[in-house]
């Protein structure tokens, strides 16, 4: 039903600039009556981080930046949703226009710059949904003008622990100057140490808030080695691979829009993000679970992420072009893969990581 509605609304939404269309989408979701999520086949269930995910298909950060409609999004059939990014103090982000559809490439470029209503507004919205079903997390970042960015992450963790299932430390957004510098070994070690300490001191003991680290696709393998070593040393719970890319593949057809600054997401991100996912899987040696993000626009793409090492996958940009019906299509396609190959999701994780790391999909 909602897929049919999207087909009707898509021409009108795409006639608007991308940010206005997105704001209208959030308002429309906010007006939806809350309904339970569709029941998933048990073969799609994933047990991870001490939680039972009804299916492995999640919504990536950036869609519901202000934590306004998590339950409506869960009702679309996602197995989990990630909200934000949230930063301690409200900030407007970069000037508009700051998001662009590359229609011919089924891609998006954004340079939002972590526009956020701020931590207190997010905390209040999340507190109001306590007790509702569904796995919800928040992507956290640092204010652009912060003089102590690590303290910003700690503040977010202290405020949000217990209100959500997981928190994702975002050090890989290309749209906040200097933020990716926090992926450097010394900075990252301090950041993760203080973040885990804050989580351990803040959690009430009923169920530990999962701490994830989201990394960029544009890093060298040497940098990846250091990130993985630091993540394992500091005992975080998992890695999210990957954020948007600052690269501009030669294959992009929308040449004029490709010159816009910002992070590129969608179909062109699939190959580089999946290769770095596979490289990460080979390095963590099953000691850390991975969430695969970047260019997931079909069951085939989701299955490739799983074969590359992902226990869960996330999507966002593909929804701009294919709408919410895509969620059910991916879940149905994954079941077909499981049936055809006489396997399970768990058995498929990382099965072809070595080949995919070489670019053999």
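Tell me yes or no: at least one residue of region 184-196 is touching a strand residue (DSSP E or B) at 6+ places or on another chain (Cβ under 9 Å), under 19 Å from residue 159 (Cβ atoms) and surrounded by fewer than 21 Cβ atoms within 10 Å (Cβ to Cβ). For region 184-196, residues touching a strand residue (DSSP E or B) at 6+ places or on another chain (Cβ under 9 Å), under 19 Å from residue 159 (Cβ atoms) and surrounded by fewer than 21 Cβ atoms within 10 Å (Cβ to Cβ): present.
Quickly run through region 254-265 and pick out the residues that are within 18 Å of residue 177 (Cβ to Cβ) and either free of Cβ contacts under 8 Å to residues at least 60 places away in the same chain or assigned to a loop (DSSP other than H, G, I, E, B) (or both). Result: 260, 261, 262.
Could you please find all residues in region 296-315 being outside any helix (DSSP H, G or I) and out of contact with any strand residue (DSSP E or B) (no Cβ under 6 Å at 6 or more places or on another chain)?
Going residue by residue through region 296-315, those that are outside any helix (DSSP H, G or I) are 296-298, 309-315.
Hits for region 296-315 are 297, 298, 315.
Taken over region 38-59, the criterion of being closer than 18 Å to residue 334 by Cα and assigned to a loop (DSSP other than H, G, I, E, B) is satisfied by 38, 39, 40, 41, 45, 54, 55, 56. The residue list 54, 97 contains one member that is modelled with pLDDT of 95 or more, surrounded by fewer than 22 Cβ atoms within 10 Å (Cβ to Cβ) and over 14 Å from the mean Cα position of the chain (by Cα), which is 97.
Among residues that are in contact with a strand residue (DSSP E or B) (Cβ under 9 Å, 6 or more places away or on another chain) and either modelled with pLDDT under 95 or closer than 28 Å to residue 276 by Cα (or both), residue 203 is included. The set of residues in region 225-260 that are surrounded by fewer than 19 Cβ atoms within 10 Å (Cβ to Cβ) and more than 19 Å from residue 103 (Cβ to Cβ) comprises 225, 226, 229, 232, 233, 235, 246, 247. Report, ordered by the first and then the second residue, all pairs with beta carbons closer than 6 Å, sequence separation of six or more or different chains, a first member in region 325-337 that is surrounded by fewer than 22 Cβ atoms within 10 Å (Cβ to Cβ), and a second member that is assigned to a helix (DSSP H, G or I). Correct list of pairs: 325/3; 333/299; 337/303. For residue 34, state whether it is exposed (fewer than 14 other Cβ atoms within 10 Å of the Cβ) and assigned to a loop (DSSP other than H, G, I, E, B). Yes, satisfied.
Is it fair to say residue 73 is part of a helix (DSSP H, G or I), touching a helix residue (DSSP H, G or I) at 6+ places or on another chain (Cβ under 9 Å) and crowded, with 21+ Cβ neighbours inside 10 Å?
Values: part of a helix (DSSP H, G or I): yes; touching a helix residue (DSSP H, G or I) at 6+ places or on another chain (Cβ under 9 Å): yes; crowded, with 21+ Cβ neighbours inside 10 Å: yes.
Criteria met by residue 73.
Return a yes/no flag: does region 128-137 have any residue that is under 20 Å from residue 115 (Cβ atoms) and either assigned to a helix (DSSP H, G or I) or under 18 Å from the mean Cα position of the chain (by Cα) (or both). So that I can check it myself, show each step before the final result.
Residues of region 128-137 that are under 20 Å from residue 115 (Cβ atoms), as a first pass: 137.
Applying the additional criterion that residues be either assigned to a helix (DSSP H, G or I) or under 18 Å from the mean Cα position of the chain (by Cα) (or both) yields 137.
Checking region 128-137: at least one residue is under 20 Å from residue 115 (Cβ atoms) and either assigned to a helix (DSSP H, G or I) or under 18 Å from the mean Cα position of the chain (by Cα) (or both).
Just one of 287, 275 is in contact with a helix residue (DSSP H, G or I) (Cβ under 8 Å, 6 or more places away or on another chain), touching a residue at least 12 places away in the same chain (Cβ under 8 Å) and assigned to a helix (DSSP H, G or I); which is it?
Details: 287 fails: assigned to a helix (DSSP H, G or I).
Among 287, 275, only 275 is in contact with a helix residue (DSSP H, G or I) (Cβ under 8 Å, 6 or more places away or on another chain), touching a residue at least 12 places away in the same chain (Cβ under 8 Å) and assigned to a helix (DSSP H, G or I).
Would you mind stating whether residue 295 is in contact with a helix residue (DSSP H, G or I) (Cβ under 8 Å, 6 or more places away or on another chain) and either at positive phi or modelled with pLDDT under 95 (or both)? Criteria met by residue 295.
The values are calculated or read from the model by the stated rules, or taken from the named source; none is laboratory data. Because the structure is predicted, anything quoted here is derived from the model rather than measured. Every residue, glycine as well, gets a Cβ built from its backbone with ideal geometry; the counts of neighbours run over all protein chains shown.
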